[in-house]
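The values are calculated or read from the model by the stated rules, or taken from the named source; none is laboratory data. Everything numeric in this text was worked out from a predicted model, so none of it was measured. Note: ideal-geometry Cβ built from the backbone for every residue, glycine included; neighbour counts use all protein chains shown. Surface areas here come from the heavy atoms of the whole protein model, side chains and all, with no ligands, DNA or RNA. Shrake-Rupley method; radii C 1.70, N 1.55, O 1.52, S 1.80 Å.
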Amino acid sequence: METNEIIKFVSDGFDRAKAGAAIEVYSSIVKNPELRELPKKSHYPLGWIIYYALHQSPAHAIQERKQLLAHYLRLDVTKPHKLHSMILTEAFRLYKDAKSSVLSLKSSGSANSAESLFSMVKFANLWNLENIRPTDWNRKEHEGKQLPSTVEKLITHYVDELYSMRIPASDEFMAIVNRALVAYPPSANLFAQSAQLYELGGENEKAIEMLRNAILASSTKFYLWSRLANLITDKDDLRLKVSLLYKALCCPGQEDFKGKIHLQLAAALAEGGAFPQAKWELRYVKDFYGNKGWNLPRLYKETEKKIPSGTVAADPAGIYSKIENMADDFIYESLPEIPVRKTYHKPAAETMDRYGNRRPGQTAWRVTDSDGNNYWFNPGRYGIREDLPADTQLAVKVFGGKVVKARLIIED
């Protein structure tokens, strides 16, 4: 083929690829011996053909998509560019699918699980983090719901791999995360991911600070309280650790995901010498894991060995009730209380979700401080009667413009 014919062949393939035949088009190009050396002018349309081939590939096509990405990286295309960013989003999808494939193969006992591995970290570094565009920071809306930006998705997958492999983050990647913390409203996910990176870097105090912020942004996620507890390593803070773990148990969430928290409580109680209470929690863990058909973790056996023979199990509820407030104090103590008064009452109204299902509404109060700043919150969340009158006096703590703690000063 002449150069002009090659350019036309690849360019014509772009339209077919966009229309849904990308895998077929790509195959016709790479299998044609006359197209082994493409003119530079064909690299850009081939890049889009590769993107559409990736996008149209099924989830199980792990190896094929890895090869497509490797081919794309060999192309001489403009960067930063929309195409380059779109390729990165397909790498996100491959990372998730590859991870699911590995877990499935491992659970089935397959010896070929390693073939499904895909490193988001290595690919992103080859893609070059300097190629992030300003528009990659923008969030989008879909059906009234705000979706994470390309940068946020990158952070999520990149941190996931670093943490699972116990690899510290580079300064370049930390700079991206720190910029994201400033660029977006307070986000529990971003704070928690930042905490993981600081933990990997051995900066425990900074990790604790980030997890405190994560909980301030979303206090009902039980795993945030559990992660924070695991960063409390000083034996002098065992009571705080137990309080944080107990707080995790009390948060919403399926009990199926909390078995490990009961085990961590048992270990902390045993370390503090509360052996009867530790044995109580171990008994729960044994029943829980047994009912699931799971093997007991090593920590179970290590904790069991610490408990003196003949110890009689005792309900730890008494211990928990004495220290349960320590967790809240640890999170909220640094925030100042702001005196406010109730200025508006919005009654609960039934709402519809995007699927057309009815959802019960929540009562909302507007409260106002002495400077005229308004805050909205649900009084029931903090154990405050919803029918209290206007001008009711309260003290609130605010984080990121939202009420995170509230109490009555005077209740009529």
If one computes the Cα centroid of segment 1-36 and of segment 126-153, what distance in Å separates the two points? 30 Å
For the chain, build the charge dipole from Cβ charges (+1 Lys, Arg; -1 Asp, Glu) around the Cα centre, then report which of I50, M120, I384 sits farthest towards its positive end. I50
Looking at segment 151-246, which trypsin sites (Lys or Arg not before Pro) are in a loop (DSSP not H, G, I, E or B) and have at most 11 other Cβ atoms within 10 Å? R166
Each label point is 7 Å from the Cα along the Cα-to-Cβ direction; what then is the distance between the points at T233 and S107, in nm? 3.3 nm
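Over segment 40-105, average the accessible area per residue using a 1.4 Å probe and give it in Å², no decimals. Please report the intermediate quantities before stating the final value.
Numbers: 2950 Å² over 66 residues.
In whole numbers, segment 40-105 has 45 Å² accessible per residue.
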Taking all protein chains as present, what is the carbon and sulfur share of the accessible area of segment 1-89, in % to the nearest whole number, probe 1.4 Å? 52 percent
C-alpha center-to-center spacing [segment 301-321, segment 262-279] in angstrom: 5 Å
One finds, for E24 and Y344 with R0 = 51 angstrom and r their Cβ-Cβ distance, a FRET efficiency to the nearest 0.05 of 0.25
Counting other C-beta atoms within 10 Å, and keeping those with at most 15, which DSSP coil trypsin sites (Lys or Arg not before Pro) do you find in segment 63-146? R74, R139
Mind pulling up the Rg/Rh value for segment 38-193? Radius of gyration and Kirkwood radius, both on Cα. 0.97
Hey, what's segment 203-333 come to in accessible area per residue, 1.4 Å probe, Å²? 53 Å²
Given the protein chains as shown and a 1.4 Å probe, how many square angstrom of V242 are accessible, to the nearest 10? 10 Å²
Calculate what fraction, in whole %, of the accessible area of segment 268-401 sits on carbon and sulfur atoms when a 1.4 Å probe is rolled over the protein chains. 48 percent
Under the Karplus relation 6.51 cos²θ - 1.76 cosθ + 1.60, θ = phi - 60°, what is the ordered set of whole-Hz ³J(HN,Hα) values for segment 257-263, x standing for Gly and Pro? 9, 10, x, 5, 5, 4, 5
Could you state the angle between the C-alpha long axis of helix 204-217 and the longest principal axis of the C-alpha atoms of the chain, as a value from 0 to 90 degrees rounded to the nearest 10? 80 degrees
Excluding residues on the same chain fewer than 8 positions from K342, give the lysines whose Cα lies under 26 Å from its Cα. K397, K402, K405
Heavy-atom accessible area of segment 148-206 with neighbours in place, 1.4 angstrom probe: carbon+sulfur share in percent works out to 53 percent
